[in-house]
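Structure first, commentary second.
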Ligand code: SF4
């Protein structure tokens, strides 16, 4: 399996190509990086890609029907759809403070979904 990616560690944005077998946890070759940080980024992105999840949840307020939320830390990319299914069913009740936990340990990932903004009572 071959995967192309752009390193996001620094603004240079090297285009990196990784070959390997992600399911077996193997990286066979990495090309296109300029520094060691790119090797680490590409290895992680190939074997265990993660993303910060940003979305909204419903609220009980008619004048503010949605509240922005995000994962406190990056989530495994292959869990994002499952996490969205859980978040889609959530409705928060005002008041909500910024960074208040909305969904603890979402999908058993150990990552909390927290409020990005505030919802007044
Ligand atoms: S490989 Fe190094 S130089 Fe290239 S974008 Fe990544 S961190 Fe920056």
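The values are calculated or read from the model by the stated rules, or taken from the named source; none is laboratory data. Bear in mind the structure is a predicted one, so any value in this text is a computation, not a measurement. Every residue, glycine as well, gets a Cβ built from its backbone with ideal geometry; the counts of neighbours run over all protein chains shown.
Structure notes:
- The range 105-117 - residue that is over 13 Å from residue 73 (Cβ atoms) and not in a helix (DSSP H, G or I) and, of those, modelled with the lowest pLDDT: 117
- Within the range 80-91, residues that are at pLDDT 95 or above sit with their Cβ atoms under 7 Å from residues that are part of a helix (DSSP H, G or I), at 6+ positions apart or across chains, in these pairs: 82/107; 83/106; 83/107; 86/106; 86/107.
- Selection from the range 3-12 of residues that are in a loop (DSSP other than H, G, I, E, B) and closer than 18 Å to residue 50 by Cα: 7, 8, 9, 10
- Each residue in the range 77-110 was checked for being touching a helix residue (DSSP H, G or I) at 6+ places or on another chain (Cβ under 7 Å) and more than 25 Å from residue 45 (Cβ to Cβ), and 1 of them qualify.
- Among the residues of the range 23-62, those that are near the ligand (Cβ under 9 Å from one of its atoms), over 17 Å from the mean Cα position of the chain (by Cα) and either outside any helix (DSSP H, G or I) or surrounded by 15 or more Cβ atoms within 10 Å (Cβ to Cβ) (or both) comprise 32, 33, 34, 35, 38, 39.
- Scanning the range 1-22 for residues that are surrounded by fewer than 12 Cβ atoms within 10 Å (Cβ to Cβ) and either under 17 Å from residue 77 (Cα atoms) or in contact (Cβ under 8 Å) with a residue 40 or more places away in the chain (or both) gives 4, 8.
- Qualifying residue in the range 98-105 (condition: in contact with a strand residue (DSSP E or B) (Cβ under 9 Å, 6 or more places away or on another chain) and in contact (Cβ under 8 Å) with a residue 40 or more places away in the chain): yes
- Residue list for the range 1-40, restricted to those being at pLDDT below 95 and in contact with a strand residue (DSSP E or B) (Cβ under 9 Å, 6 or more places away or on another chain): 1, 22
- Every residue from the range 63-78 that is in a helix (DSSP H, G or I) and either loosely packed, with under 12 Cβ neighbours inside 10 Å or within 16 Å of the ligand (Cβ to nearest atom) (or both): 78
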